[in-house]
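K.L.:
Quick one: the structure is below, and I'll ask about it shortly.
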């Protein structure tokens, strides 16, 4: 058993309001540079929708993640995008790499023209110019071009996850006045079985041992772009200016000093939770070799109980500090993922074992306009699963590799919590219904109360349990502090730039 | 003068700058060391440009390198006519493929506005240089045919003369202008590597074939211990890889040698009938002489006496070599008593043949490990590596008619004598069976 710690995340989608504050907080700090304008290490997508880059979930095209090969006795995980030999041909031309057109061409406006243009009869305008060429351009797409466009025949209806839905279900999803959607904020999942790391020909990508953050060493990256197609979430971006790839760094310079990453701190809906999980690195690859429907359970089995004395002992033996173990015990992520089992990994069928978990949205029916009256019938207040506005099948494609039972049990528990709290606060639900819901949701009043508290009323210290990291040690291991003193940040002595 | 400048000065400048410049750039500016792929900005054109170009040039460059590094192997391959035809036509096709790829690459650089944002002057210079270079190569393949054959007498020795620091322009000074330009282009290409995107060819990720899929890096000092272990493991692996690559290289060279022989056995040039006949005749005459030698030996062993020489031919200071019955060398001297002195010439140390000149101390020298043997006693000198004395041989003196005049056995017991008149005609023999003759 090789116990490792992983700084992992939970996004509570019921709370996401789709404001993109996280994306902007990230962009202003990390990707506001030439060559990185188009990158959104954090982005928020509308689901159903095509996402960013367009149709990133289409692995028949992008070939991201792992595939399961071999017979029943000896199953093997292989990269979908390449094997060791054809990776050499793909250095020259990678057929699975998304191009700029799959994201969007970044632009800015000639603001100066608003002031400098000559006096005329028309009001001056700021025309858009491409941030790649510097020339005026027609804007055809942008980040979140399909924002809030559920029901759109060119965006939402092309969502890969709608596959397998009956016409009736689709109709229900996109029915006027009943149309529904959800927001899906995405950052790098900092997977435990990352396919990007495995695909990198130069060995520039690595997973940090002590906190599991996946990083790209810019000194070693040679711009072969294998990681871009290998990452099924398309969370690695090619900087066309420097010729190197970049990705979300989970604001590790902030994390190391005990601060909260930008997208987490700025989250208006307070949907984000950050905490440590302990897991058994030896079992990761095997756990990802089970059939699709068992993957969620299999991933949970790899995550270890931080209260178990034998696990604590093993973790200490493996060099995990007391601070990390304490953080793992207080971790909100452990509660959501393991104790309550209501947070699920996104597209676990890519078999990368993502360490970012989502609490799927319940989307209750709040009311209905009928016969000229807007009514809010109490007995349908939280709807029922059969009338769930986002079909269970659709959610299961996103969060449980098609296993609908898992989604149903999560939904029932989320509903039970609401029934329970409604009955406590408003006393307008009869006790029989509430206890039936609690039974179906497989929860107890104590658990429901705890879920309610961490969901609705958490303090900042409960949402983000960040272990103290010995920053001095980390620095001294990378570079002599005397020498690092003159460097330009993040330990780099040179400013990145395009080669000759 | 211009030849020296272009074919001696330029190559050394190019090699020096190319090698050390690249090392310097890779070590000091790794952030600029990248393939600088532009696939992200332009996709279709890259496929039709990059793939043909890279595939074509990789094979062509590999062929050039093999031809220069293993001229023997190369020659044995191309000396077969069909192979030569195939080689030349494949080369020409690949160079055309490269040219087309380069043209596409150049055109997309010039036409796509997005690409111009990442195009430097150097990129265009490089495309132009490569177009010229590959174009020249293709032109050579057309106008100066069979380059893969004639290179072994001209450009290959020239390249070797540069590499071995004995530059010799004479190999190529008479070459056509096309070839000279191609050679200059090659040196310019090497010169441009550290100053352009060409440096990405050193980034070929061979290590990807050997590394495990996941890559975990610890920065926490608590993990230093495991890091040390990993380092030791890595070192062990590195040494293994070195050893392995050494063995592999050795095996490769061996197989290259073997392959060359096997190849030329099956596909090598066939001999003309006349030359083949001559060869067989030489072989026959050698066999005949061996047979004659054998017959002589047999005859010698069958006869009772072997002639050493005439008694008057023997000399006190300059011995006469002869071969005894056991086919070993021996030397005959004239002793102090005017009688023959026969001593074995097979050194008792390691069996070298001892010299026949007697020095002023009455010794003969075995040149192999400097043993002096006294010819009278046969004893070696004290410092000599040989410890046993050289044995003496018995002899028989007979006159012309074959009647025995005198004899001495190997122990030194003599009988009979030779008178002054008989001396002229006396001949010295060694007898087959000493006991019998005594």
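K.L.:
Please work out the C-alpha center-to-center distance from the range A:309-329 to the range A:139-185 and express it in whole Å.
P.N.:
For the range A:309-329 versus the range A:139-185, the Cα centre distance is 44 Å.
K.L.:
Once the range B:303-370 is represented by equal point scatterers at the alpha-carbon sites, with solvent omitted, what log10 I(q)/I(0) does the Debye formula produce at q = 0.13, 0.21, 0.23 Å⁻¹?
P.N.:
So the normalised log intensities are -0.36, -0.88, -1.02.
K.L.:
Here is a follow-up. Going from the alpha-carbon gyration tensor of the range B:194-339, what semi-axes, largest first and in whole Å, does one get by taking the root of 5 times each eigenvalue?
P.N.:
Gyration-tensor ellipsoid for the range B:194-339: 72, 31, 16 Å.
K.L.:
Still on this structure, please answer the following. With N set to the number of residues, divide the alpha-carbon radius of gyration of the range B:278-341 by 2.2 N^0.38 Å and report two decimals. Write out the running numbers ahead of the final one.
P.N.:
On the way: Rg = 16.6 Å, N = 64, 2.2 N^0.38 = 10.7 Å.
Here the answer is 1.56, to two decimals.
K.L.:
A further question on this structure: Nearest 5 is fine: what % of DSSP beta bridges in chain A come out antiparallel, could you say? Intermediate values should be presented prior to the final figure.
P.N.:
Working: 36 of 41 bridges.
Percent antiparallel among DSSP bridges in chain A is about 90.
K.L.:
Provide, as a two-decimal number, the C-alpha radius of gyration of the range A:149-281 over 2.2 N^0.38 Å, N being how many residues it has.
P.N.:
Cα Rg divided by the expected 2.2 N^0.38 Å: 1.33.
K.L.:
While we're here: Given R₀ = 51 Å, what would the calculated FRET efficiency be for residue B:12 paired with residue B:270, taking r from the Cβ atoms and rounding to 0.05?
P.N.:
Efficiency, from the Cβ-Cβ distance: 0.75.
K.L.:
I would also like to ask the following. Please arrange A:186, A:463 by how many other C-beta atoms lie within 10 Å of their C-beta, fewest to most.
P.N.:
Fewest-to-most Cβ neighbours within 10 Å comes out as A:463, A:186.
K.L.:
No solvent, one uniform scatterer per C-alpha: report log10 I(q)/I(0) for the range A:12-263 via the Debye equation at q = 0.13, 0.17 1/Å, two decimals.
P.N.:
-0.95, -1.39
K.L.:
Starting from the Kirkwood radius over alpha-carbon pairs of the protein assembly as shown, derive D by Stokes-Einstein at 20 °C in a medium of 1.002 mPa s and give it in µm² s⁻¹.
P.N.:
The estimated diffusion coefficient comes to 60 µm²/s.
K.L.:
At a threshold of 8 angstrom on Cα-Cα distance, excluding pairs fewer than six apart, so keeping six or more, what relative contact order does chain B reach in percent?
P.N.:
Rounded, it is 12 percent for chain B.
K.L.:
Can you pull the one-decimal nm distance between simple spin-label points at residue A:457 and residue A:292, each 7 Å off the Cα toward Cβ?
P.N.:
The modelled label-to-label distance comes out at 4.2 nm.
K.L.:
Please work out how much length the chain gains when fully extended from residue B:388 to residue B:328, using 0.36 nm per residue of separation minus the C-alpha to C-alpha distance, in nm with one decimal. Mind dumping the intermediate values first?
P.N.:
Numbers: separation 60, 0.36 × 60 = 21.60 nm, distance 1.68 nm.
Separation in residues times 0.36 nm, less the Cα-Cα distance, equals 19.9 nm.
K.L.:
Which order do the peptides B:56-62, A:30-36 take when ranked by the mean count of other beta-carbon atoms within 10 Å per residue, highest first?
P.N.:
A:30-36, B:56-62
K.L.:
Moving to a separate point now. Taking N as the number of residues in the range B:297-438, what value does Rg over Cα atoms divided by 2.2 N^0.38 Å take?
P.N.:
Output field value: 1.03.
K.L.:
With each label point set 7 Å from Cα along the Cα-Cβ vector, what nm distance links residue A:112 and residue B:174?
P.N.:
Taking the simple label geometry, residue A:112 and residue B:174 are separated by 6.6 nm.
K.L.:
Moving on. For the range B:317-344 and the range B:93-161, what is the separation of their C-alpha centers, rounded to whole Å?
P.N.:
Each part reduced to its Cα centre gives a spacing of 77 Å.
K.L.:
Relative contact order (percent) for the range A:261-339, with alpha-carbon contacts under 8 angstrom and 6 or more residues of separation?
P.N.:
On the way: 67 pairs, mean separation 30.6, N = 79.
Normalised by residue count, the contact order of the range A:261-339 is 39 percent.
K.L.:
Restricted to Cα positions, what overall size does the range A:18-154 have along the principal axes? Three whole-Å values, descending.
P.N.:
That works out to 78, 37, 31 Å along the principal axes.
K.L.:
Quick one: order A:437, B:201 by neighbouring beta-carbon count within 10 Å, fewest to most.
P.N.:
B:201, A:437
K.L.:
While we're on this one: Separation of the range B:228-302 and the range A:443-459 by C-alpha centroid, Å?
P.N.:
The range B:228-302 and the range A:443-459 have Cα centres separated by 83 Å.
K.L.:
Nearest 10 degrees, 0 to 90: what angle lies between the long axis of helix B:273-302 and the longest principal axis of chain B (Cα atoms)?
P.N.:
30 degrees
K.L.:
Follow-up. Out of every Cα-Cα pair in the range B:368-423, what percent are more than 16 Å apart?
P.N.:
Working: 872 of 1540 pairs.
Looking at the range B:368-423, the distances longer than 16 Å represent 57 percent of pairs.
K.L.:
Just for the Cα atoms in chain B, what are the lengths along the principal axes, largest first, rounded to whole Å?
P.N.:
118, 71, 44
K.L.:
I've got another one for you. How high is the relative contact order of the range A:12-263, in percent, counting Cα pairs under 8 Å that sit 6 or more residues apart?
P.N.:
Numbers: 407 pairs, mean separation 66.5, N = 252.
Over the range A:12-263, the number comes to 26 percent.
K.L.:
Describe numerically, in nm with one decimal, the distance between label points set 7 Å from Cα along Cα→Cβ at residue B:61 and at residue A:259.
P.N.:
It works out to 4.5 nm between the two label points.
K.L.:
Shifting gears a bit: Which of B:379, B:272 has the fewest other C-beta atoms within 10 Å, and how do the rest follow up to the most?
P.N.:
Details: B:379 17, B:272 9.
The fewest-first ordering by Cβ neighbours comes to B:272, B:379.
K.L.:
Relative to the longest principal axis of the C-alpha atoms of chain B, give the angle of the C-alpha long axis of helix B:81-111, reported between 0 and 90° and rounded to the nearest 10°.
P.N.:
Orientation of helix B:81-111: about 30 degrees from the principal axis.
K.L.:
What do you get for the angle between helix B:224-267 and the principal long axis of chain B? Use alpha-carbon atoms, 0 to 90 degrees, nearest ten.
P.N.:
The two axes meet at around 70 degrees.
K.L.:
Beyond 45 Å, what percent of the Cα pairs of chain A remain? Display every interim value, and only then the final one.
P.N.:
Working: 19132 of 124750 pairs.
It works out to 15 percent of all Cα pairs.
K.L.:
Count the DSSP beta bridges whose two residues both fall in the range B:305-437, then state the antiparallel fraction as a percent rounded to the nearest 5.
P.N.:
Approximately 100 percent, going by the DSSP bridge assignments.
K.L.:
When only alpha-carbon atoms count, how far does the range A:169-225 stretch along each of its three principal axes, as whole angstroms with the largest first?
P.N.:
53, 27, 17
K.L.:
May I ask for log10 I(q)/I(0) of the range B:145-237 at q = 0.26 Å⁻¹, from a Debye sum over the Cα atoms as equal point scatterers with solvent left out?
P.N.:
-1.27
K.L.:
Per residue of B:196-202, count partner chain C-beta atoms within 10 Å of its C-beta, then hand back the mean as an integer.
P.N.:
2
K.L.:
Oh, and also: Summarise the long-distance tail of P(r) for the range A:219-321 by giving the % of C-alpha pairs beyond 20 Å.
P.N.:
Summing the P(r) of the range A:219-321 above 20 Å gives 65 percent of all pairs.
Read the figures in this text as sums done on the coordinates, not as results from a lab. The structure presented is a predicted model; accordingly, all values stated were derived computationally and were not measured. Positions of Cβ are generated from backbone atoms using ideal geometry, with glycine treated the same way; all protein chains shown enter the neighbour counts.
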